[in-house]
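The values are calculated or read from the model by the stated rules, or taken from the named source; none is laboratory data. Keep in mind the model is a prediction, meaning the values are calculated, not measured. Because the Cβ atoms are built from the backbone with ideal geometry, glycine has one as well, and the counts that use them run over all protein chains shown.
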Amino acid sequence: MRVAAQVPASETAPLADAPSDRLQAVQAQVEGTKQVMNENISKQLANSEATGDLEENAQMLSVNAESFKGKATTARRMEQLKNWKMVAAISAVALLFFVYMFHSWFGGSDDDDDGGD
């Protein structure tokens, strides 16, 4: 028959406390993880709001860009029309000048004639 050895009380105390220490360590890790997760969720919500604001700004910029494009196209066409009118006016003046010069050089009446004898 074997006799069970007596274990001193000083050695049993760490064994009894070891599971509760590990439990406290795990609980501390869980609390730390919860805190990090809460911070991450807060940051994600803030980023979502910022993303929403950026999307709104992008939409407004897109609308403004379309408006600017339309106004710029209209202004460009008006300037082109103004330039074509100027070219037409200068061409007409130049044509009249050349017709006058051609007429006076080649087909104009002689002012030297007395019209009679």
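Listed here are the residues, each with its yes/no results for (1) among the hydroxyl-bearing types (S, T, Y); (2) at pLDDT below 90; (3) surrounded by 10 or more Cβ atoms within 10 Å (Cβ to Cβ).
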| site | (1), (2), (3) |
| --- | --- |
| V7 | no, yes, no |
| A18 | no, yes, yes |
| Q27 | no, no, yes |
| S62 | yes, no, yes |
| F68 | no, no, yes |
| R77 | no, no, yes |
| A94 | no, no, yes |
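For A89, the conditions (1) at pLDDT below 95; (2) within 50 Å of the chain's Cα centre (by Cα); (3) of a type in the set (G, A, S) all hold with the exception of (1).
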